[in-house]
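One structure is given below, encoded as structure tokens.
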Amino acid sequence: MVLIYEGIVAGIFDYDYAPAPDIVDGKRVYMNISQEGRDDLDDLRETGMLYGLKLSSKKYQSTVALRITAIGEEHLRRMLTAEDRDAVHSVAYAPGESHTLRNLLKVTWESKSARFMLLSDAGYKMESTITEIESVSYVSSPYIPASVRKGGRENKQNADRVSELVNAVSTIKDQLDEKLTLNDVRLIIGEWIPMGANQIVALNDKLGSSERVQGGFFTATIDDFPDATQFRGKSEGLTAVRLLDYDETSYVNFEAEVFFDNEDNILQIENFGVHFGESGLVTYGLRLDAIMDRVKNKLSLDLMSRLLVDVTNDSSKVVSNLFAAHQKSMLDLTFLEDADNRDKFNCIIADAIHPKMPAEKYMDKEENENEIKQVIGDTYSAHDLNADELIVLGKGGLMICGPNVLRHQASVIVYSGFKARSIFMKCVFNRCFMLADVLKRARGIIENYQNNPESMDIVRKTLSTCTEEVITLGEIQTFLEESVDGLLLPQPFEGDDASQELAKILNLEDAMHRLLRRAVDMKKTIEGCGNELGALREMSAVISSVKKFTINEGIESTTKNLEDAFRAQARNSTQLEIMQVVLAGSLAFDIVDRTFGQYMSIADRIGWVVDYIQPAIVELPLGWFALNMVFWLILGGGLIILMRRLSYLGNAVDAKKIKVNRRVHIRRLASFLAQKEMEAVSIGEDDKSTVKKYTWVEEKNTAKWKGIPPRFDLVVDERYGFILSAFLQVTKRQTQLTADQIWDMFLDELAAHGVWDTSHSKESTWDGRSAALAAPARAGRALGAGQALGAGKAG
């Protein structure tokens, strides 16, 4: 389709193109599609000149791959002229390059820019404009079918504003070849949204249905400062809502006029009539007063296809800020986070179609049918209701034409609701299969969890997400089933042959039963996913138990080793103490020897030793031995007392562990920590955080710490700027300060350096300050606030 479009733009193919939605990379994208080009490809497949291979993506979207057959190659050899070959080559190869395989253009999709690119192996690159949708100027009035109304205000009419289109333009580049036109057209765009009575009540409250002044302007812009006294924003993107009629729990009808930016000289007066029903049916209705220079009658289907793109996209924007948050989450889940581009069903109701022909004439597989495909998608069938009325059914909509077809609007609305539910069910069903694939991959990870140390973390996150999705899908299935079960169907008018024929064609009762069966069948698929999820959770629990058992075994073994080590240490400690006493004795003996001259046998030369020591001690039996034992006892006992005293002083520890989790200025904190003499800095980093642990001992300052300084551990998340936790340790018997007092001093230092980030007023400011000091601070703040309040009142 991209190459065909490029050929049309280059003037190679004499085709028309019109915007049509298609699924690209799981997203719904509007592209300028040539229905004539697509029809010719189908003709080539029917004649056997092309093969068609049906494929399915991971997101369960069907695609078709084409390849030329031998018959097609033979036909080209016989019929292709040199002129036609050169024309096709000008599109298929990079311009100005030789027609070699390296210069052959390939179409690729770039997800970031949401554009198709034409690339060659030789390096040529060009952006395709197939996704640039052309705009037209138009005037519309809101329209809500009478079948969903119960009195209330009349719809607004904008027919008097048609004159504003005098200088309006469009951005259409192609020369349109119009075959069919319509008179007095009403567009009804239907979709289904998970909704019930409570959602209708909430919607009526949001619209102010019961208030004196109803409706007003709405915007999807978030108010980041709700406490401020002013709000400044742009008028573009606003939606003006005017309530028409409502029932508190059943429905609400209102008009919505959108104000979106348009290109220069493009005038789009876009006014919707919106209906929300308890069953989930949402309709957006417009009456086309004029498109470009066509006023009410002879409205071109080519122009209408461009208008439908605007209406479909803008209708999603109109109601996006009216949905509840849970409804938005259900839509995002169903449409793969692309809910704003969700598909809808188009109903075109016209007073007349020109030229008027029998219904089968419009299904000619050529110009007429291709033009109808531009507005309702691939056509299924066309039927004459009577001599003046006909209906054409398509994949993306229907078209009903005739002088009095508005009487059929009740049946058309119900049918569009069924088709909208069918569209939604398809998306939900595909989502169930995608969920099943995720669970299958999770099972594979669980079965091979030894291959990846992070496998169980991945599984836990996956199962958590899948649990939420299963619950949401179950809610959606319940909404779908309840919206169809017991639905009242409109009955054909007696004596009206066209109404009877339409009832046979639409077969609403059979369609309702089919939808109900599909909704019930979907429940089985969702329950299957839930059962698989439960089985995977049990497998994960078993693996966690095995890991815990392994860890417990390791802990038990480690504990036993530690016990053995402690016993060995106790024995070694006793032996060490004995060795210390023995060494103290050896030292005591040496001191006695050196004191009394026994060392080097010089005691006989020391007079006071000869006169006093030898007669009194040495010559006394066991006297010298007793003197050595006394010295040993004094020195050994003193050493034991000293060691136990040091142990006594060091064992009394006052510790404080604080979980802070408070935001800080990282640069100021780094400047503060640079003043400390770090003992160790450890870093733990992963894809989500960068955590550093700083360890230091404060500098000696007896006056400040009233003893020996404390030791600090500070854990900081430097990626997001948080102090996560802190740990401080004080030797209680060697300082007069407690851990609480030292922590308060540390907090004062942080505050003095301006470390705390107070710009996030809603975040916690708890920092672990001791209650004794925090209470006076709070009292001071309260007193200050009271004084300020008193001053305000006095003023």
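For residue 179, the accessible area of its heavy atoms, probed at 1.4 Å with every protein chain present, is near 70 square angstrom. For region 405-500, trypsin sites (Lys or Arg not before Pro) meeting the loop criterion (DSSP other than H, G, I, E, B) and having at most 16 other Cβ atoms within 10 Å: none.
Rolling a 1.4 Å probe over the protein heavy atoms gives region 388-542 an accessible area of 48 Å² per residue. Computed with a 1.4 Å probe on the full set of protein chains, the accessible area for residue 608 sits at about 120 Å².
Can you tell me the length gained on complete extension of the stretch residue 359 to residue 687, counting 0.36 nm per residue apart and subtracting the Cα distance? Write out the running numbers ahead of the final one.
Numbers: separation 328, 0.36 × 328 = 118.08 nm, distance 6.29 nm.
So the chain would gain 111.8 nm between residue 359 and residue 687.
Within the chain, the whole DSSP H helices whose Cα atoms reach 30 Å or more along their own axis and whose mean Kyte-Doolittle score is at least 0.0 are 409-447, 455-484, 623-651, 771-794. Computed on the Cα trace of region 307-431, the radius of gyration divided by the Kirkwood hydrodynamic radius gives Rg/Rh = 1.03.
Here is the list for region 699-752: trypsin sites (Lys or Arg not before Pro) lying in DSSP coil, each with at most 10 other C-beta atoms within 10 angstrom of its C-beta, are 700. The label point for residue 384 and the one for residue 329, both projected 7 Å from the Cα toward the Cβ, are 5.6 nm apart. Residue 25 label point, 7 Å along Cα→Cβ, cut-off 18 Å on backbone N: hits in region 322-349? Residues 335-342 qualify, since their backbone N sits under 18 Å from the label point.
Compactness of the chain is given as radius of gyration and Dmax, 42.9, 155 Å, from Cα positions. Per-residue SASA remark: residue 284, around 0 Å² accessible (1.4 Å probe; ligands, DNA and RNA not included).
What is the percent carbon and sulfur in the accessible area of the chain, measuring with a 1.4 Å probe over the protein chains and ignoring ligands? Working shown, then result.
Details: 23310 of 43510 Å².
In the chain, the share of accessible area belonging to carbon and sulfur is 54 percent.
Tell me which lysines have Cα within less than 17 Å of residue 150's Cα, excluding those fewer than 8 residues away on the same chain? Within reach: none. Taking 24 Å as the limit for the C-alpha separation, the pairs 524/547; 58/524; 27/328 exceed it in the case of 524/547. For residue 51, the residues whose modelled amide H falls within less than 5 Å of its own, excluding neighbours fewer than 5 places apart on the same chain, are 67, 68, 69.
The values are calculated or read from the model by the stated rules, or taken from the named source; none is laboratory data. Since the structure is predicted, the reported quantities are computational estimates derived from the model, not experimental observations. A quick note on method: Cβ atoms are made from the backbone with ideal geometry, for glycine too, and the neighbour counts reach across all protein chains shown. For accessibility, only protein heavy atoms count, side chains too; no ligands or nucleic acids. Shrake-Rupley method; radii C 1.70, N 1.55, O 1.52, S 1.80 Å.
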